[in-house]
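What follows is a short report on a single structure.
The values are calculated or read from the model by the stated rules, or taken from the named source; none is laboratory data. All figures in this text were calculated on a predicted structure; none of them were measured in a lab. Don't worry about glycine lacking a Cβ; one is built from the backbone with ideal geometry, like all the others, and counts go over all protein chains shown. Each accessible area value is taken on the protein alone, full model and side chains, heavy atoms only, with ligands, DNA and RNA left out. Shrake-Rupley method; radii C 1.70, N 1.55, O 1.52, S 1.80 Å.
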Amino acid sequence: MPVLPGAEPYRHEGGEIGVLLCHGFTASPQSLRPWAKSLAERGFTVSLPLLPGHGTRWEDMRLTGWQDWYAEVDRELRNLRDRCARVFVAGLSMGGALALRLAAKHGEGVAGVLAVNPANKVHGLYAYTLPVSRHFVRTVPGIVNDIAKEGGVEIGYHRVPLHAAHSLRNFFRLVDGELPQVTQPLLLLRSAQDHTVPSVDSARILSRVSSTDVTEIVLEQSYHVATLDHDADRIFEESIGFIERVATGVGREGTTARG
């Protein structure tokens, strides 16, 4: 199927510092493209892939699962490591969970992690019924455009295939168990008001990672898709500062910062 206009992957060949960006569940690279371009303008090598089953139609997503999504970002990370001296991983929502698993599995091959409103769990009764309901109900309404900024538009699916949602639930459980293996510097930015991922997910992640260099920043003016919202410029600036600080070895090792 043809890719939706604006949902195409993005790549930029820059310097020896690489950044891999991972988009969210039912979303596309469009939600992270401004972030990717800001990093590219700073001279970094940037990769923002389109996850399998995304960016076309929801029927395509029904045939994919977390193994497909993770395999795509794992492959992109390995490609970046072949070209760059240091590589950072970043993501929004489910993309944050993908980035955290990359950090847990690749160890020193990942220099640092940047997560915006990272997801850690499928919440509510919906989660408990998925193992059975997915066999009887094909889709449920999706959640897109959780953006406070007037005119903000996110390209994503308006239907969620329950087979894919069940796979996502299993993936979150897997990543939660692997969080103690995350030791890299971590920048976590979360929105004060998020209608998609509750703040308890960020709290859970921060309580379980083993990172000693941790920065948490609360975004006061944005909803879930903060990379397209009022705080986007702050996300970009904080990301560049974090990457440059960690890459040069000037850091807050052993401390936790709040902002």
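Roughly how tilted is helix 232-248, in degrees to the nearest 10 and between 0 and 90, from the longest Cα axis of the chain?
Orientation of helix 232-248: about 50 degrees from the principal axis.
Going by amide H atoms built from the backbone, whose H comes under 5 Å of the H on Val87, apart from near neighbours?
Here the answer is Gly18, Ala111, since their amide H atoms fall under 5 Å of that of Val87.
What does the convex hull of the Cα atoms come to per residue for the chain, in Å³?
Normalising the Cα hull of the chain by residue number yields 112 Å³.
Where the only charges are on Cβ atoms (+1 Lys, Arg; -1 Asp, Glu), what is the dipole of segment 10-249 about its Cα centre, to the nearest 20 debye?
740 debye
When the Karplus curve 6.51 cos²θ - 1.76 cosθ + 1.60 is applied with θ = phi - 60°, which whole-Hz ³J(HN,Hα) does each residue of segment 79-86 get, with x for Gly and Pro?
Listing the rounded values in order: 5, 5, 5, 6, 10, 10, 6, 9 Hz.
Among Pro118, Pro185, Pro141, which one shows the biggest mean-square fluctuation in a GNM of the chain, springs joining Cα atoms closer than 10 Å?
Pro141
If you restrict to DSSP beta bridges whose two residues both lie in segment 10-249, what percentage is antiparallel, to the nearest 5?
Beta bridges within segment 10-249, antiparallel portion: roughly 20 percent.
Ignoring ligands, DNA and RNA, what percent of the 1.4 Å accessible area of segment 10-249 is carbon and sulfur?
Carbon and sulfur: 48 percent of the exposed surface of segment 10-249.
At a Cα cut-off below 16 Å, give the aspartates and glutamates reachable from Lys121, other chains included and same-chain residues fewer than 8 away excluded.
Asp176, Glu178, Asp194, Asp201
If amide H atoms are built 1.01 Å from N in the plane of the peptide, which residues on other chains or at least 5 residues away come under 5 Å of the amide H of Thr139?
Leu162
With a 1.4 Å probe and every protein chain left in place, work out the accessible area per residue of segment 10-249 in Å², rounded to a whole number.
40 Å²
Which distance in Å, rounded to a whole number, links the C-alpha centroids of segment 165-237 and segment 35-62?
Taking the Cα centre of segment 35-62 as reference, the centre of segment 165-237 is 18 Å away.
Determine, for each peptide in 87-100, 218-231, the mean count of other beta carbons within 10 angstrom over its residues, then list the peptides with the highest first.
For the peptides 87-100, 218-231, the packing ranking is 87-100, 218-231.
Which peptide among 101-111, 58-68, 25-35 comes first, and what is the full order, when sorted by highest mean count of other Cβ atoms within 10 Å?
For the peptides 101-111, 58-68, 25-35, the packing ranking is 25-35, 101-111, 58-68.
Defining a contact as two alpha carbons under 8 Å apart and six or more residues distant in sequence, what relative contact order in percent does segment 10-249 show?
About 21 percent, as a whole number.
Counting helices only, and only those DSSP H runs with n ≥ 4, report the 222 nm mean residue ellipticity of the chain as the sum of -39,500 (n - 2.57) divided by its residues, in deg cm²/dmol to the nearest 500.
It lands at -11500 deg cm²/dmol.
Can you give the angle from 0 to 90° between the axis of helix 199-208 and the longest principal axis of the chain, with both taken from C-alpha atoms, to the nearest 10?
50 degrees
What number do you get for segment 1-92 when its Cα radius of gyration is normalised by 2.2 N^0.38 Å, N = residues?
Cα Rg divided by the expected 2.2 N^0.38 Å: 1.06.
Could you go through segment 10-19 in sequence order and give the Karplus-derived ³J(HN,Hα) for each residue, using 6.51 cos²θ - 1.76 cosθ + 1.60 with θ = phi - 60°, rounded to whole Hz, and x for Gly and Pro?
Along segment 10-19, the couplings run 10, 9, 9, 8, x, x, 7, 9, x, 10 Hz.
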